[in-house]
Amino acid sequence: MTAVAAERPPVSIITGYLGSGKTTLLNRLLRDPGMARAAVIINEFGEVALDHLFVAAPGDNTVLLANGCLCCTIRGDLVGTLADLLARRGAGGIPAFDRVLVETTGLADPVPVLRTLASDEIIAPRLRPGAVITLVDGVNGVSQLDDCPESVKQAAVADCLLLSKTDLARPAALGRLRERLARINPGAQVLEVAHGGVAPELLFGAALLDPAAERGAVERWLNEDAYATVGSGRGATRHTDGISTFAVRHEEPVTGAGLTAWLNLMAALKGARLLRVKGIVNVAGSPVAVHIVQSVIHEPLALESWPSADRGTRIVFITRDLERTEIEATLPALGLDAKRRTAGAAIDPAAYARFVSAAAGFRSRERRHARGR
């Protein structure tokens, strides 16, 4: 484990639609010796009533949320529970845990949990987002994706997609499900599991990067080629869920101020239609990893080296009702330079003019989108 992980344990989310096998997976994971130092937060309001005997974890290292849907009570119960775990961690109340697992209900939206981990003033400095693991029913998954918008969003924000009940599903049905998931989230790792049997190390390495990650790990995290495969070249693919997946490039190095402005404008004005954004950005010649889930901006991460000879900015998108051309029109905001200035000007006028033009593009397109709904 890196020093960063030891100081800020990762919080991974286990989600998936009703009956997809979340509790079965959790029970199997917690039997693994490598998970002995995991703290577990379980939402008791689900398809099965859970208690400490049903979940195979030590009682003093398991917290049950018994008063409603996790995503609905997040500002109270989850923050309070995580803060309590941190206060008691290694202080005699509970064992010193090295990761946290949060199991959501089948109807939950994982994004509020990610927002808490990224922005809560108590939690964010002491815990870091881990992997989002989404289970998809291998037998009923296609129909659930057709009929249940929650299941589509759970799949779109996942780092790792687990196809459950693969021992019961027909090969042709699994093939159709894989094709559908590849259109929704082409960059996610996809694994088939039966009865929750999967090695923990296959799941929890799919989240945010370590700054010292090897080149291959960075490329796997971005997985840009998967977006090109699903679409046409670098274009977008769109399907009946209203979801588009595409990759964009920007060849010129960008400024730190421009990246900050662009990320904030994207989250504030387009966040509702951004399901997942990941990229490697050339900031003044250095590689920086960026990651957005809807309006949640993860802290940009400076990498120790470029993952390849490619020095261009590469960003992959999963969006709802948001086209590639709309994203490309925002890229001039990356050129803002707060350091360059002329006499009597606070910042460089030309750079600021480009920024204002890009910001206007953000807002005008959002107004047109709102009128069209």
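The values are calculated or read from the model by the stated rules, or taken from the named source; none is laboratory data. Quantities reported herein were computed from a predicted structural model and do not represent experimental measurements. Cβ coordinates were reconstructed from backbone atoms using ideal geometry, including for glycine residues, and neighbour counts include every protein chain displayed. Ligands, DNA and RNA are stripped out before the accessible areas are found, and what is left, the full protein with its side chains, is counted by its heavy atoms. Shrake-Rupley method; radii C 1.70, N 1.55, O 1.52, S 1.80 Å.
In this Cβ point-charge picture (+1 for Lys and Arg, -1 for Asp and Glu), the stretch 94-213 has a dipole of about 220 debye about its Cα centre.
Scalar couplings 3J(HN,Hα) for the stretch 254-266, obtained by applying the Karplus form with A = 6.51, B = -1.76, C = 1.60 to θ = phi - 60°, are 10, 9, x, 5, x, 4, 4, 4, 5, 4, 5, 5, 4 Hz; x denotes Gly and Pro. Surface analysis of the stretch 78-141 yields an accessible area of 31 Å² per residue, using protein heavy atoms and a 1.4 Å probe. Distant-in-sequence amide contacts of Leu163, defined by a placed amide H-H separation under 5 Å and a gap of 5 or more residues or a different chain, comprise Val136, Leu191, Glu192, Val193. Charge dipole (Cα centre; +1 on Lys/Arg Cβ, -1 on Asp/Glu Cβ; no other charges) of the stretch 138-193 amounts to roughly 140 debye.
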